[in-house]
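Down below is the structure, laid out as structure tokens.
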Amino acid sequence: MEHAHLLLQRHPITEGLTEEQVLELSTICEQITLQTGDILHSAGETVDSIFLLVQGRLKQTTQASNSLDRVNNYMVPGTQFGGVAAVRNEPLEIQVSAVEPSTALKINFQKFHDMTRPHPQLMINFIVLVGDMLKKQLHLDRLLRPPKVVMILHDSEHSRQLTEIIIDRLLQLEEHPCLLTDSKRWQSRSDIEHLLLVEDGVWMEPAEVRHRVAQWSTRDRVLIEATTEGPYERLQRGMAIANKVLVCVHVSNWQETLEKVRQLSKDTPRWREKISLVWILDKENLYPPLISEFKDICSGDFKVSFDAPPEKHGDVWKHGVERIIHALRGVRLGLALGGGAARGMAHLGVLQVLEKHGIVTDMIAGTSAGAMTGTLYASGMELEHTINSFIKDLTPSWIFRNMPGGGYWYLLYKYRFQKFDPMLRNYLHQLQLQQLPVPMNSVTVDLVSGKAKVRSDGDAVRGIVESINLPGLSKPIVNNGEALVDGGLVNNIPADVLVEKGCNFVIAVSVTAKLEQVFGKISPDQTHSRVRTPSTLQTIMRGYLVQSVNMNSVGIEPADVIVTPDVTGFDLTEFTRSDELAAIGAETTENAINEIRKTLTRIDPQLFRSP
């Protein structure tokens, strides 16, 4: 069992305290060790102490009137429980139980209060902890808690360079990480404090590992790097210490490693929430394999490649490392792309400028044209190639170009004869959304339930085709009791989808923020009545545009920044002008980039500072 003062050093309650003050505080601490399912506090019990969680994870539940438990919150290391109730010495109708092996420190509040008198910093730390808890419960704080102890597991030597890249990036961000490693290659590095986990074939004792982690608790980050080979119990011990676990899996030999991850998640189910797979990809294997039980064994994944991308592919695989850095810094940046038919091609220019300025997107949600552009980008398709492909694939044939209103008839033809599916499959083939390098969500609407449906897995082409399925031009896509049409019907700019999925900063792009006051040849200043009435197809498309303009406010509210390219001069069917539309999107974003970066610095000044 670790000494209480070593455990205290790993908790923010001791931030700014001296070694002597921490030792003094440890004398009034009671260490509590919990196994999965053990109860720390039963509903209705009086609270006279505060509990500091140092290791593991706790679940807080209340009992509703229907006798069903309702989860209020999950406690992670670095948080506290009971602070407010202990001040009043009153009962608390919350049950707190361990969802994985956990360690907490119990401190009688009166003794704690007496100690804060000579040590005011201790009271300041306590108030900060209580404030953080209240902000989270009131949803006032979307910031994620950065993991302090990160374990990186390697199934091959090839992925070892990932640790070096991560550490170098953390150093750039003015962090001071420490490293426990089973590799001697770090002995030549003097810029990072490190210790070997294994000497002469003998592994460091578990108690010594915990002691070293506690000693480094004042540092910004503790990294533990090791191989996945060796005794299963060693992996279990590492999992118990770490707040975040990155399991590096090479696509050529993934089955054995994933079997170990399956077993870890099975033995302690809540551990899956801190496990992320890191797929190490290459030119021959751009996408990871499909794993049916993926959601049961880990919380998510990252796709990384150390190779240069193939022709007509972009840098999204290289951005995988930066997405890992975002996760370690407690940042999740979402991009919401709205619908707007051909005008949605402006999204491609927005993406170009964000890439140019090094602003990496962690997740995308798109409706209609936003689903189409977003999915192609998330698949790794190079942006300039995407623009040229839209121009080539959506140029009407000679007969449509010479027909009055031919652009609308061509679009009707594409819908009625189901031409979008084979067109998109030329690029996406049979890819599933969960295989894409960037997590992607496409929004459609089910006419049976009347509600939006968000797809984050399944066939990528189908996700697009459902989201762009415009009523009036095409029949609903019927499947499994659902009738699916264009997502813009209920949520044209799905920033809310990204917030619900954990993004704490969202950039939204609206190509329907403005509506030109001309329809056909009808305008407000028209003085004569002999004007040709717009066609049915023109009316359907205009109705779609008007609806999109009026639906903009539904999902966009949580967005932190809204980019609004003025594309009112373009017809909704003018996909052949995708390059011009992208240029407007790029120009608008370039003009807004300083404001975007300034707003981003509110969540992480180092990560998003100007170069």
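The values are calculated or read from the model by the stated rules, or taken from the named source; none is laboratory data. What you see is a predicted model; the values in this text were computed from it and never measured. No Cβ is skipped: glycine too gets one built from the backbone with ideal geometry, and neighbour counts run over all protein chains shown. Side chains included, ligands, DNA and RNA excluded: accessible areas come from the protein's heavy atoms. Shrake-Rupley method; radii C 1.70, N 1.55, O 1.52, S 1.80 Å.
Is there a residue being within 29 Å of LEU34 (Cα to Cα), within 27 Å of the chain's Cα centre (by Cα) and small (Gly, Ala, Ser) anywhere in segment 224-233? So far as segment 224-233 goes, yes, one or more of its residues are within 29 Å of LEU34 (Cα to Cα), within 27 Å of the chain's Cα centre (by Cα) and small (Gly, Ala, Ser).
Yes/no per residue for (1) of a type in the set (Ser, Thr, Tyr); (2) over 22 Å from the mean Cα position of the chain (by Cα):
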position	(1), (2)
ARG416	no, yes
ASP421	no, yes
LEU424	no, yes
TYR427	yes, yes
LEU433	no, no
LEU436	no, no
PRO439	no, no
VAL448	no, yes
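Only one of the listed residues (VAL518, VAL490, VAL497) is open to solvent by less than 60 Å² (accessible area, probe 1.4 Å), at pLDDT below 90 and out of contact with any helix residue (DSSP H, G or I) (no Cβ under 6 Å at 6 or more places or on another chain). That residue is VAL490.
Restricted to helices (runs of 4 or more DSSP H) entirely inside segment 357-456, those with at least 1 residues that are open to solvent by 50 Å² or more (accessible area, probe 1.4 Å) are 383-393, 398-401, 406-416, 420-428. If I filter segment 1-45 down to residues being among the β-branched types (Val, Ile, Thr) and more than 28 Å from ARG221 (Cβ to Cβ), which single residue comes out as surrounded by the fewest Cβ atoms within 10 Å (Cβ to Cβ)? Ranking the qualifying residues of segment 1-45, first place goes to THR27. Taking VAL245, is it farther than 30 Å from TYR287 by Cα and touching a helix residue (DSSP H, G or I) at 6+ places or on another chain (Cβ under 7 Å)? Criteria not met by VAL245.
The set of residues in segment 578-611 being open to solvent by 20 Å² or more (accessible area, probe 1.4 Å), at pLDDT 85 or above and touching a Lys or Arg at 6+ places or on another chain (Cβ under 7 Å) consists of THR601 alone. Of the residues making up segment 28-36, one or more are modelled with pLDDT of 90 or more, touching a strand residue (DSSP E or B) at 6+ places or on another chain (Cβ under 7 Å), of a type in the set (A, V, I, L, M) and assigned to a loop (DSSP other than H, G, I, E, B). Within segment 211-251, being among the aromatic types (Phe, Trp, Tyr) and modelled with pLDDT of 90 or more holds for one residue alone: TRP216.
Does VAL47 fit the bill of being in contact with a helix residue (DSSP H, G or I) (Cβ under 6 Å, 6 or more places away or on another chain), at pLDDT 85 or above and farther than 15 Å from HIS11 by Cα? When the stated conditions are applied, VAL47 passes them.
Pairing each residue of segment 405-424 that is of a type in the set (Gly, Ala, Ser) with any residue that is buried (at least 17 other Cβ atoms within 10 Å of the Cβ) and not in a helix (DSSP H, G or I), provided the two are 6+ apart or on different chains, yields C-beta distances under 8 Å for GLY406/PRO396; GLY407/PRO396; GLY407/THR573; GLY407/GLU574. Selection of segment 240-270 for residues being in contact (Cβ under 8 Å) with a residue 40 or more places away in the chain and either open to solvent by less than 10 Å² (accessible area, probe 1.4 Å) or polar (S, T, N, Q) (or both) yields ALA242, ASN243, VAL245, LEU246, VAL247, CYS248, VAL249, ASN253, THR257, THR268.
Looking across segment 285-334, the residues that are open to solvent by 60 Å² or more (accessible area, probe 1.4 Å) and closer than 21 Å to LEU173 by Cβ come down to ASP315, LYS318, ARG332. Restricting segment 202-231 to residues that are open to solvent by 60 Å² or more (accessible area, probe 1.4 Å) and touching a helix residue (DSSP H, G or I) at 6+ places or on another chain (Cβ under 8 Å) leaves a set whose member that is nearest to THR181 (Cα to Cα) is TRP203.
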